[in-house]
Each structure stands twice: as C-alpha cells, then as structure tokens.
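Comments concern the structure below.
The values are calculated or read from the model by the stated rules, or taken from the named source; none is laboratory data. This structure is a prediction, so every number in the text was calculated from the model and none was measured. When we count neighbours, we look across all protein chains shown, and the Cβ atoms used for this are built from the backbone with ideal geometry, even at glycine.
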Amino acid sequence: MMSLIEANLPALQVVLPLVAAPLCALLGRGDRSWAFACLVTFVTFAVSVALFAETYAGTIISYRMGGWEIPLGIEYRVDRLNAFVLLIISGSAALVLPYARRIVAAEIPAERQPLFYTAFLLCITGLLGITITGDAFNIFVFLEISSLATYALVASGSWVNKRALTAAYNYLIMGTVGATFFVIGVGMLYMITGTLNLADLAVRIVEHGDSSTLRMGFVFILIGIGLKLAMFPLHLWLPNAYAYAPSAVTAFLAATATKAAVYVMLRFMFTVFGFDYEFQADTLRMVVLPLAVIAMFAASIVAIFQDNLKRMLAYSSIAQIGYILLGLTFLTETGLTASIVHLFNHAVTKAALFMVAGCFVLSAGTCSISKLGGIGRDMPWTTAAFVVGGLSLIGLPLTVGFISKWYLVLAALELGWWPVALMIMASSLLAIIYVWRVIEAAYLQPAPEGVVRKEAPLSMLIPTWIFIGLSIWFGINAMLTSTAAGRAASALIDSSHILWKE
Amino acid sequence: MTGSPETQSKSMPGSILLGIDTARGGRIVTWCLLLICAGLAAAGFTGHLHGYFEIEELPAFYGWFGFLVAIGLGIAAKIIGIFLKRKEDYYGAGSTNLEEHPASDLGMEASDA
Amino acid sequence: MPEYLTPALAYVAAALLVPFVPKGALRGLYLAIVPLAGILIFWGLTPGTYNAFNVMGMQIGLMRVDALSQLFGLAFSVAAILAALYAWHLRDTIQQIATLLYAGSAMGAVFAADLITLFVFWEGTAIASVFLIWARRTEGSFAAGMRYLIVQIGSGVILIAGIVLLYRETGSIAFTAMELGSPATWTILAAIGIKCAFPFLHNWMHDAYPSATVTGTVVLSIFTTKLAIYALLRGFPGTELLIYIGIAMALFPIVFALLENDLRRVLTYSLNSQLGFMVVGAGIGTPLAINGAAAHAVASIFYQGLLFMSVGAILFRTGTARATALGGLYRTMPLTMIFCLVGAASISALPLTSGFVSKSMILSAGGYEKMFPVWIALLAASIGAILHTGLRLPYLAFFGSDGGLRPKEAPGGMLAAMGLTAALCIAIGVMPAAFYALLPNDVPYEPYTFSHTIVQLQLVAFVALAFALAVKRGLLPKAERGIVLDTDWIYRRLLSAILGSIGRLIAGLWKGAGRMIASSLNWGAGIVYHLHGPRGPFARTWPTGAMVMVVAFLLGMTLVVTYI
C-alpha cells in the first residue's frame, strides 16, 4: 500500500484535490464541507512535502500518466524547482483554509459555502497541476481549471460588494486572453517541433533552429504568461480582483496564483527556450527588465495613495512581482536564486498581510485605512502581525524580505549594474511609506467613536501568525530556503544554453 | 522661618564651605592656588623631569604652558562667542532649548534645612 | 553553549519581562541584576569565537571573546548597573525597557564577530535609545529625537552599504582590522564616524543628549559613542587619518564647552573632546596607544557618566541645568558636589584618579612616536578639559554666583550610583595595575613616575590659577541665557531656509507662469498624485477594452523587439 502511494505521489498531488472537489459539493451546507476541504489540503500538503524531500537531493521524478510513453503521453515531472513551488502552493492552501472558516462564514451565505470550497479545491488542483506537469498543453488545461475556479471565487465576493462581479468579469476577459495567447504560442511550438512535452520541446527547438514561427511563439507565450503573473502593465485586472474577492481567497491567490505563473515563465524561458538564440535574452532585457523596474516604482507609488488596504497590498504585490521578474532578467544564478527565494518569501509575507486585512474586515467591517484609526489598541495581535509583515515587505534584516533583496542587490552588483541596485533600494523606501501609513493609522490616530472592535478569533490569528513566524524564521535562518532556491536556480541555468554562464 | 537667613544657612549640610563664593573667599582660594603653584614649580626642580621632547626641559614648562593656553582658550572662546551665540528661541518654539524640563521627569524638592 | 547565546539575548529577554515585574524596589533590583547575568555569559570564557553559524554562506559569529571585547563588555555591564541604580526612583516602564534594549544592543555589538551582527545591534542601539529622548514627552524632545533617529539610522544604512561593498570585494563579512583605500572601507569608516561624532558629523550628540530625560542622558552618554570607539579600535587601528580627525575632535569642542549655558550640553562637548583623545589613540595604533584608547574609553564611561549623573541630579532637584539659574548649590547638595568634583578631577587627569592613568597612556604613545604636533595638541586639549569641565562646570553649578536655589540633596538611588561611580574612578586611579591587566595589549606602563606626577600636578594647578584669575578679570565668556550655533544650524536653519526660498521661488514662478502652462505642467507630488493617485491612470479601474488594448500594444511592441 505504502509503496503504491509512494510510486504515485505525483499523480496524487493533483488527483486528490481534483476528486475531492465534487465530493465537497455533495457534502451539504455548513462546516462539513469546510472540514473536508481542510483535510484534503492537509493531505495534499503532506504529498508536497514528500515530493520536496524526495527531490531535495537532486533526483528528478518523471511520472507517466496512465503509463503512456513519453512524449506521446503526459509526463509529470518533479524537480527541485517545481517541488519548491508545489510546497508553496499546497502549504499556503493548508494554512489559508483553517483561516477561512470564520471569514467565509461572514462573507458568504451558508448554502453557497460548499460550492465555494469546491471552487477553492479546483483552484488548488489547477495551480498544482500547472506546476507539476511536464506537458505544455496540460499546462494550458490546468491554467484554465485554476482560472475558471478563480473567476468563480472572485465573483463570490459579490455577496459583500457587487463590484466583485465586474472585477471577476475583467479578470475573466484578461485571463482568457492570456490563456489564449499561451495556447497560440504552444501551438506554434507544436507546429515546428511536433511535440508538447517540455523536455522534448527543449531538444527539438535546438534541432529545428531559429525561425519566425519560433519567435512568434516565444512572444505569445511571454505575453500570455505575463498576463497571468500580472507583469506591469498587464496587471490591470489584479487590483480589483484582489480587492473585491473574499478575504480568504485574496490571501490564497496572493500567495500562490502569480507564483505558479512565474514558475511557468521560468520553466519556459530557461528549460524550453533556453536562450538558444540571442533574441530571447534581448527581449527579456529590452522589454521585461524596464517593465519590472517601472513596476517596482509605479505600483509602489500607487500603493502609497490607496485607501483600501487590500488594494494597497495588491499594488504592492505588483511591485513585488517586479522584483521577481527583475531577478529573472539578470540571467545569472544569483538573480534566479533571488527570484525563486522571493517566490517563497513574498508568498509568506503577502499571505500574512492579506490575512491581517481579512481580520480587519471581520472585526471592523472595513479595510479602509482611514477608518482603521486606533485599531492597534483594539486588535493588538492582528496589528502587530501587520507591523512585522510590513517590515518584511520593506526588507528589513531578520525578515525574509531582506533575504530576497539581499540576493537581488547582490545579483545586480555581480553584473555591475549599479543603477539597478540603487533602484531596488530606492523602491524599498517607497514600501516604508505605504506600510507606515497603516501603522500610523493603527497606532497614532484616535479610534472612530462608537466603534467596537474585538480581537480576531484564534482560528484566524494562528494561521496569520504562522505565516508571520515563517517570515521571521526564514529571515533569520535562511539556509533551507536559499539552498533550495539556489539549487533550483543552478538546475535552471544548467538546463538552458546561456552562453555566458560561469 | 524663625532665624535670620544666616543662621538658616549655617544648619545646611554644606555649611563648612559657606563663604567660599564671596569675594573674600575667592581671594583666599586664589592665594592658596598661587602658593600651591609656587610649591609645585619648586618641586619640579628637585629631580630631573623626563620628557619626550626638548620643550619639556624648559623650567616649569607644564605650569606656564597650562596657564597661557588656559587664558588663551578663554579669550578665544569669548571672541568666537560673539559670532556663535544666539537667543534661546533661535530654532523656534518647538525646541528643547526653550522649553522647561517637564515636571513629570523631575523630583523637585527644596532643602528642609 | 546554545547556538544563539549572546549577552544581548539576556538583556532582550529581560526587557520583555520588565512589564511583569512590579514597579518599585523589586523592579529596581531586577534592572540592576540583568547586567550581572550579561557578565556571567561572557566572563571567564577562553578567548575565541563562540556561537558561530552559517547564514546564506556568510559566517555569523555572535560571541567573539577576547581582551578587547571583554573589557568593553565589562565596562558596559558595570555602567549599566550603575545607571540602573541611578534610575532607582524612575517609574517609567518605557525608559526601563529602552535602557535594557539599548544596553543589550551595545553588548551584542561589542561581542559581534561579523559585520552583519554588528549592523543589527548597531541599528538596535539607535532604535532603542531614541525612546530615552522621546520619554521626555515634549514637542521639542520629539523633534530632537527624530533628528537623532534619522542620523543614527543613517549611520546604520551607510554601514550596511559598506558591508555589502566589502562582501563584494573580499567575500567575507568578518569584523577585523581594515585598511582604508576601497570605497567599502571608507563607507564603513563614515558610518562609525557618525556614531563616534567626528567633526562635522558630531552635532546629533549635542542636539539630542541634552534633550533626553534626566536618567536618559546618563544612559545615552555611556553606550553609543564608546561603541563607536570600540569599532574603531577593532576595525581601523593604526589608520593615520584618525590622528588628524581625533586632534580636531579633541580641540574644537573646547570653545563650545566654554560658551554653553546648558550644563548637560557642556558635558556633551566635553565628552566629544574626550572621544577625540581615543580616536587619536586608535589612529596612532601602537600597542600602547590602543591600550590607552581602550583604557580612556573605559575610564571616560565612568567619569563622564559621573559628571552627567551629578548634573542630572541637579536638574532632577531644581528643574534646570542652565548655568545662569544655578550656582551656590554646595550649601544643600554637598554630596552631589563631592561626587561631581571627583568626576571633575578625573577628567582633569589629576593623579589618583582614573583620568590620570588612562589619558597619560595616549599622550605617552604620541610621545614615544615623537609626534610633537599630536602631543602638543592633546596637551592643549587636556588643558581645555581641565578648564571647561574640571573647573568651570562645578564652579557654575555649586559655587559661583548664588542662584538662590536651595534644593534638597539628590535621592538615595542617585547618591548611591554617584558614590559607587566616584569610588570606581578613584579605585582605577589608585590601583592602575589591576586595571591595566584588563587591557588588550600586554605593554608595561607606569603612570606614577615622579616627573609625570609632578608635571601633571603643575598643569592642573596652574590652569586652576589661570581660571581663578580669568574669572576675576572677566577673561572667560560669561554664562548667559542663549544657545551656541553648531553645525546643526546647517540643517535646522540653512537647509530649511534654502528649501523655503526655493519653495517660495517656485511658488512665485508657478503663479506667474501658471495661466500659460498650468494645464501642461505639474509639480512634484502633484504629478505623481496625478498619475498614481486613486484617480490616476495607474490606479484607475480600466475598462476591459482598454486593458485588452494595452495587451495588444505590448504584444506588438515585443514582437517588434524580437525581430530587431
């Protein structure tokens, strides 16, 4: 039995939540569906941990779906990189779901909750599938599963605020455009290579040589994924989707959705395209690099002026994605390490912060910064969590934010890109301003009169503080994350054909 | 409240030194210092003073050098003060130069003697 | 030994528990015992680096135990105990916590074997200590604390920049002696220079220290600057530039100390001048000079602390530290006066006091190296110290013209702290051998030679005579209400004036040209707000069609780029 489970771990990772999702819908109203979804995510997380442990040393698990031979059949391929991302996704899910019960009960009618949790499980399925699969078309399929589930999840915010519907609609249009671009790109690659398996694609693209179809495919995939990961200026769907989605959904999406997309970007850029031809690196440096830098500043400045805490955090996410993309465009091992470690670090930090926003929504009924005056006294633990998370967002030492920035600055200096390094630090200063605005409101401004605000329930505080704890723990003891990221980065570099690799 | 100010002061703990801040007390202190200086200058000749530089071989070098530099520093400070001294409200109202030390941080009590 | 143990940990843990200890004698005792626990952690360890571990490929070491770190650790610990005694009357939990965190950070920094740990505690001292200023709870102290915090955090930011550069250059973050020459080392020296109050980087001290609470100023005077001296001794021993910086630093504050009316500010200038001696010692860099600088730093922690304590006691009882309001306090505060005179004697380097056995080492080190200008400048600075702190300060406070104040003697805790500190100053002076045994280098030195004793006595006596005559003849600046401009004028007045006039100029231009170009031009935050504000294009919720247009545009652009 154990060996059977062990042999099929990669399949279980995806199949488990997939099968559980319809069951969840059948369980009926109330806490039953929640408890079931929780259980499923815990098991899923356990599977991810097992996969991570198995690949940490460097083994690559190649799993053939239904026993079909590669490249005809679908291959699930787990290496250090996606095991790390799987861990982020399933770990976030396993923490967000316990948190979700109270806030979902407050935001969504009881009879709709089973469907909500079903969509949640489907979303997890999709994200895990994107990450684990080794097949380009399969990525598209899972992308659609996760996206459709996400549209539904965002739209379920409409019980609180009707604007969630337009936000979900916009997200749907943009997401569909992105997925379409992606599939067009994959189609073009298929045209020239006749294969959809990622590893196989990598080999055949080299054999086939440069062509305009390849270039077209490259651009379509870049823009398609760029939409999904909210690369500036393709981020326009994100602020509203995050702001109006139910708080638990926002926390989960912020931690995982864009991260899975970044993973796909890394996988395609380094493993599939592999920088065989100069145009690929050039495109990254001429298009993605400036956009990443603009995102770091423009989105941070927008965040400064936001009044809605969730929207502010959403803009901050766009800026943080700028950092991740920036690390990617360095095309060096340190740069990639920075990107990958920031995947984790940002997931932990942002999930915690959005959870804090959810606690505010639950207790104060609002997350408008101007109405949060004096909340630090009423909800000390929640607000303290925000302060620590905010410090991590700024990148203060002893927090994970510092680790990411450290590697990023180091990578910029390695290349001798002084201005970029300076810009990274300068944009961190902007984070101080928008974090400070919240802290100022929470501690220094008087509470609005006649408002009673209770500390958030433990079921929400504990997951929040686990994330905060992680962001401190891995800020002090960054061995595990930075080694894992470093190994994944070197594997990516090795799988590419970067000529200037050292 | 019964005795004269003078007797009141006499019962204060530091009354041994009472009068040191009068003109007469000042004169006495100055004369004492003069005597001490003369004594020390004389003592300097009783043995050979080892120095690092030739200038230290000059008679009572430390004495007159200290004296002159001290007077010089005082005068220099006086002159520089003309340029650098300002009123207490120079940096505006919100400055610690102007405000009194808050009483909550103090334990102001008068002597009961 | 546990992996993360450092004396700082004891302080931080203790600080967290402070609110749970009942106020009063029990808490006073608790605060005084914590530094003892800190001593237990490092005392008796054989030299070496403990608690080292690896973070991101960098070797972190929390506990480097050698003679230098033990000496400073011990001095900081004892000073922390004395400061806790001095603050026995205090019922302000915030100050108590801040003091522990501040002292703990300083301890952590002293024992740091690597620059990252140093940086963390470096910023720790800055952040913890500012609460001692803010605890005065007035508008002025808030502003002064803010200025202080900006400078101190700035020092930390410069330090981390230097560390990053150094790491890039050498691949190591070990905190060892450095050579000036690369941008990295210059940056690190600048960071230390700020905390050390090098000339032109100094005014934060004179701005902030007198703005703190009674006890806060005493605590502040102990740690920050001596930590910087420690960092210099560790990082830049024998750097010639430091000699010149130190001389300037020893000399220029004399004038300010002679002019100032606020006695606490007189003491910050005198502290600044004493720091100059230590910087010179670090710059000369011979084993004797290093010993001298370390010894003088330790001696100065105590005698300068004693002086700050006595002036603090006056402030505590009278409500003012302005010389113009004081005078004649010998009548009712005789014990405070005696302790103040012990401190005054020490800073004057009178034989049998700590200043004599420590300061003379630095002068001798200059003498042995035949550095005549250095030696004569330091001699002049010593004369200045005798004049402004050894004589003028006690004269203005306790003698001089009677201010009419008849305050009660200082409270018991303060007297105990001052008495112990005074005893320590004299003990060091009487038993130099035991004190020298703690110094980092093994260099024989005998302070009590006949000639040295006699010339130092001559120096003090003649300066005292000069002071007596100068007071009588009006050759010294009169103490009068007012302030003395220092370089903080540059940012408190000049900069704000420049910015103000630029602002007015722009406002004028703006108004004039407004009608023509108002629609096309905007200024600073206006533009940013316009673009990024809630209604700006970056933040607005875009119609779906426009979003798709952006996507199409970017796709087109990228395709073009690909084919270039």
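Is there a residue being at pLDDT 85 or above, part of a loop (DSSP other than H, G, I, E, B) and away from every other protein chain (no Cβ under 12 Å) anywhere in segment A:407-429?
Among the residues of segment A:407-429, at least one is at pLDDT 85 or above, part of a loop (DSSP other than H, G, I, E, B) and away from every other protein chain (no Cβ under 12 Å), which makes the answer yes.
Is at least one residue of segment C:393-408 aromatic (F, W, Y) and over 23 Å from B:K78 (Cα atoms)? Quick ask: steps written out before the conclusion?
Within segment C:393-408, the subset aromatic (F, W, Y) is C:395, C:398-399.
Then drop every residue that is not over 23 Å from B:K78 (Cα atoms), which leaves none.
No.
From (1) touching a residue at least 60 places away in the same chain (Cβ under 8 Å); (2) hydrophobic (A, V, I, L, M, F, W, C); (3) buried (at least 21 other Cβ atoms within 10 Å of the Cβ), pick out the condition that doesn't hold for A:W381.
If we test A:W381 against (1) touching a residue at least 60 places away in the same chain (Cβ under 8 Å); (2) hydrophobic (A, V, I, L, M, F, W, C); (3) buried (at least 21 other Cβ atoms within 10 Å of the Cβ), just (3) comes out false.
Out of everything in segment C:353-393 that is in contact (Cβ under 8 Å) with a residue 24 or more places away in the chain and basic (K, R), what residue ends up being farthest from C:S270 (Cα to Cα)?
If we take residues in segment C:353-393 being in contact (Cβ under 8 Å) with a residue 24 or more places away in the chain and basic (K, R), then C:K359 is farthest from C:S270 (Cα to Cα).
Can you find even one residue in segment C:244-261 that is at pLDDT below 95, in the same structural domain as C:I314 (by TED's automatic domain parsing) and among the charged types (D, E, K, R)?
Looking for residues that are at pLDDT below 95, in the same structural domain as C:I314 (by TED's automatic domain parsing) and among the charged types (D, E, K, R), one finds at least one in segment C:244-261, hence yes.
In segment C:49-71, what count of residues is obtained for those that are touching a strand residue (DSSP E or B) at 6+ places or on another chain (Cβ under 6 Å) and either part of a helix (DSSP H, G or I) or among the small types (G, A, S) (or both)?
Final tally of qualifying residues: 2.
If C:A434 passes every condition in (1) of a type outside the set (V, I, T); (2) assigned to a helix (DSSP H, G or I); (3) exposed (fewer than 14 other Cβ atoms within 10 Å of the Cβ); (4) within 13 Å of chain B (Cβ to nearest Cβ) but one, which one does it miss?
In the conditions (1) of a type outside the set (V, I, T); (2) assigned to a helix (DSSP H, G or I); (3) exposed (fewer than 14 other Cβ atoms within 10 Å of the Cβ); (4) within 13 Å of chain B (Cβ to nearest Cβ), C:A434 misses (4) alone.
Would you pick out the residues in segment B:24-54 that are without any contact (Cβ under 8 Å) to a residue 12 or more places away in the chain, facing chain C (nearest Cβ under 8 Å) and over 18 Å from the mean Cα position of the chain (by Cα)? Don't jump to the end; show me each part of the working.
Just the residues of segment B:24-54 that are without any contact (Cβ under 8 Å) to a residue 12 or more places away in the chain, to begin with: B:24-36, B:38-39, B:42-43, B:46-54.
Now restrict to residues that are facing chain C (nearest Cβ under 8 Å): B:26, B:29-30, B:33-34, B:36, B:43, B:47-53.
Answer for segment B:24-54, where residues must be without any contact (Cβ under 8 Å) to a residue 12 or more places away in the chain, facing chain C (nearest Cβ under 8 Å) and over 18 Å from the mean Cα position of the chain (by Cα): B:A43, B:G47, B:H48, B:L49, B:H50, B:G51, B:Y52, B:F53.
Report, by residue number, each residue of segment C:348-359 that is within 13 Å of chain B (Cβ to nearest Cβ) and out of contact with any Ser or Thr (no Cβ under 7 Å at 6 or more places or on another chain).
Result: C:S348, C:L350.
Looking for whichever is among the hydrophobic types (A, V, I, L, M, F, W, C), in contact (Cβ under 8 Å) with a residue 60 or more places away in the chain and within 14 Å of chain A (Cβ to nearest Cβ) here; the options are C:V12, C:V78, C:V18. Which one fits?
Every option except C:V12 fails the conditions.
How about segment C:360-394: which of its residues are more than 9 Å from chain B (Cβ to nearest Cβ) and hydroxyl-bearing (S, T, Y)?
C:S360, C:T389
Considering only segment C:214-231, I want to know if a residue exists there that is of a type in the set (G, A, S), within 15 Å of the chain's Cα centre (by Cα) and within 14 Å of chain B (Cβ to nearest Cβ).
Yes, the conditions are met somewhere in segment C:214-231.
Identify all residues within segment C:325-347 that are closer than 17 Å to C:L424 by Cβ and more than 11 Å from chain B (Cβ to nearest Cβ); write none if there are none.
C:F339, C:C340, C:L341, C:V342, C:G343, C:A344, C:A345, C:S346, C:I347
Let me confirm something: among C:R91, C:R64, which residue is out of contact with any helix residue (DSSP H, G or I) (no Cβ under 7 Å at 6 or more places or on another chain), away from every other protein chain (no Cβ under 14 Å), among the basic types (K, R) and touching a residue at least 12 places away in the same chain (Cβ under 8 Å)?
C:R64
With B:A93, B:A70 as the choices, which residue is more than 7 Å from every other protein chain (Cβ to nearest Cβ) and among the hydrophobic types (A, V, I, L, M, F, W, C)?
Only one candidate passes the filter, namely B:A93.
Given segment A:160-270, what helices (runs of 4 or more DSSP H) lie entirely inside it while holding 1 or more residues that are away from chain C (no Cβ under 14 Å) and at pLDDT 90 or above?
Passing ranges, in order: A:163-193, A:247-266.
Within segment C:478-488, can one find any residue that is over 30 Å from C:V357 (Cβ atoms) and assigned to a helix (DSSP H, G or I)?
Yes, the conditions are met somewhere in segment C:478-488.
Within segment C:246-287, how many residues are buried (at least 24 other Cβ atoms within 10 Å of the Cβ) and out of contact with any helix residue (DSSP H, G or I) (no Cβ under 6 Å at 6 or more places or on another chain)?
Of the residues in segment C:246-287, 0 are buried (at least 24 other Cβ atoms within 10 Å of the Cβ) and out of contact with any helix residue (DSSP H, G or I) (no Cβ under 6 Å at 6 or more places or on another chain).
Starting from residues that are hydroxyl-bearing (S, T, Y) and more than 18 Å from A:Y244 (Cα to Cα), keep the ones in segment C:532-564 and report whichever is modelled with the highest pLDDT.
C:T558
Being out of contact with any strand residue (DSSP E or B) (no Cβ under 9 Å at 6 or more places or on another chain), loosely packed, with under 15 Cβ neighbours inside 10 Å and closer than 27 Å to A:T337 by Cβ narrows it down to one of A:A57, A:A50, A:A93, so name that one.
A:A57
Do you know which residues across segment C:387-428 are within 27 Å of the chain's Cα centre (by Cα) and among the charged types (D, E, K, R)?
C:R392
Only residues that are crowded, with 23+ Cβ neighbours inside 10 Å and acidic (D, E): list them for segment A:385-433, please.
none
Consider C:G140 against the criteria (1) surrounded by fewer than 22 Cβ atoms within 10 Å (Cβ to Cβ); (2) closer than 28 Å to C:A434 by Cβ: it satisfies all of them except one. Which criterion is unmet?
(2)
Scan segment A:365-386 for residues that are in a helix (DSSP H, G or I) and closer than 25 Å to A:S92 by Cα and jot them down.
The answer is A:P380, A:W381, A:T382, A:T383, A:A384, A:A385, A:F386.
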